[in-house]
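Take a look at the structure below.
The values are calculated or read from the model by the stated rules, or taken from the named source; none is laboratory data. All values derive from a computational prediction rather than experimental measurement. Cβ sites come from the backbone with ideal geometry, for glycine too, and all protein chains shown count toward neighbours.
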């Protein structure tokens with residue numbers, strides 16, 4: 001337990017570190033288990049955020065192994081995922097609960 | 001239906017592996033069935049509660065609540081696994097000997113089981129809450145719900161079968177070695193969890209140092225594949241580790257090693273080391 005507290009303390013320390021410039025923000029919307037837009041262009045080698053708005057009534061899991069992110073977005077709500085920095089390239093993401101239709105890609109350049 | 005089965009199975013195997021390893025690691029310890037059951041039951045109950053409050057958790061801490069929640073759960077599990085391994089390093093040999101001599105359960109093991117029950121509970125809680133949300137989504141969407149739900153239930157059953165497979169697979173190891181094998185499995189498990197935990201802190205935006213990718217082995221083994229997922233659960237395989245993840249992984253293994261060494265050589269040792 002104590003080491004957990006230490007970890008959190010360390011985390012706060014890092015968070016307070018300078019240089020945490022405001023990350024670029026993007027938005028995707030889930031509707032009928034599809035992402036709009038399904039393609040997002042981001043600058044390479046910079047951290048950024050995607051606000052995922054889930055307009056469906058059912059929950060969805062925004063997931064991308066290439067971007068190392070997984071997050072459950074409950075129905076009729078939204079969530080923020082923080083990503084990067086990414087090397088230039090294509091990074092697919094899916095809605096894990098509806099993988100057939102919920103697909104998209106982040107292009108870092 | 002098959003889709004639902006696969007999705008649920010994928011979520012369940014991670015917890016399943018952990019339960020299987022814990023069962024093997026506590027072989028011959030009295031009351032372990034009860035403790036593991038308590039852990040699973042607590043995890044399932046907790047998963048339901050987490051699923052209900054998913055929205056609230058998600059919005060907490062400026063939208064980083066889910067990440068911080070996952071990071072904390074993994075962090076606690078790592079500490080519990082360390083505690084268990086330290087305890088086992090000290091008492092494992094006595095337990096193994098008593099098992100051979102008497103051929104019956106050892107009562108002394110009652111203490112570390114709380115730690116492992118917590119690990120089991122947290123693993124089930126973390127994976128289970130996603131299963132609950134997924135199944136809830138199926139029910140909420142109506143239409144073809146019944147078949148999908150059956151798929152989901154079958155997925156849980158397949159996960160349970162997988163747990164049994166892990167357990168009996170590990171039991172095939174001679175009892176002389178089982179504690180050292182499970183100790184190392186638990187050490188790797190803990191290192192993987194620790195590295196996952198710091199990555200959740202990164203996703204939460206609170207620990208963004210050393211965030212460059214060290215290597216990319218996605219061409220070799222995708223983390224999304226079944227085997228990749230298993231290795232992820234087992235030893236913390238990740239296709240693109242960050243510098244921080246790698247550092248924490250190695251540090252955890254090292255800390256675990258030191259802890260086990262220290263526990264083994266401390267004064268309460270009653271069995272001579274020459275018994276090897």
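Some points to look at:
- If you go through segment B:174-218 and keep only what is touching a residue at least 40 places away in the same chain (Cβ under 8 Å) and outside any helix (DSSP H, G or I), you end up with B:204, B:205, B:206.
- Flag for residue B:57 being within 28 Å of residue A:49 (Cβ to Cβ), in contact with a helix residue (DSSP H, G or I) (Cβ under 8 Å, 6 or more places away or on another chain), modelled with pLDDT under 90 and surrounded by fewer than 22 Cβ atoms within 10 Å (Cβ to Cβ): yes
- Residue in segment B:194-208 that is modelled with pLDDT under 90 and either on the phi > 0 side of the Ramachandran plot or more than 12 Å from every other protein chain (Cβ to nearest Cβ) (or both) present: yes
- Condition met for residue B:154 (modelled with pLDDT of 90 or more, within 14 Å of chain A (Cβ to nearest Cβ) and in contact with a helix residue (DSSP H, G or I) (Cβ under 6 Å, 6 or more places away or on another chain)): no
- Search result, residues across segment A:95-106 that are under 12 Å from residue A:28 (Cα atoms) and either within 10 Å of chain B (Cβ to nearest Cβ) or without any contact (Cβ under 8 Å) to a residue 12 or more places away in the chain (or both): none
- Meets criteria (at pLDDT 85 or above and over 16 Å from the mean Cα position of the chain (by Cα)) for residue B:131: yes
- Of all residues in segment A:54-91, exactly one satisfies the criterion of being part of a loop (DSSP other than H, G, I, E, B), surrounded by fewer than 21 Cβ atoms within 10 Å (Cβ to Cβ) and at positive phi, namely A:76.
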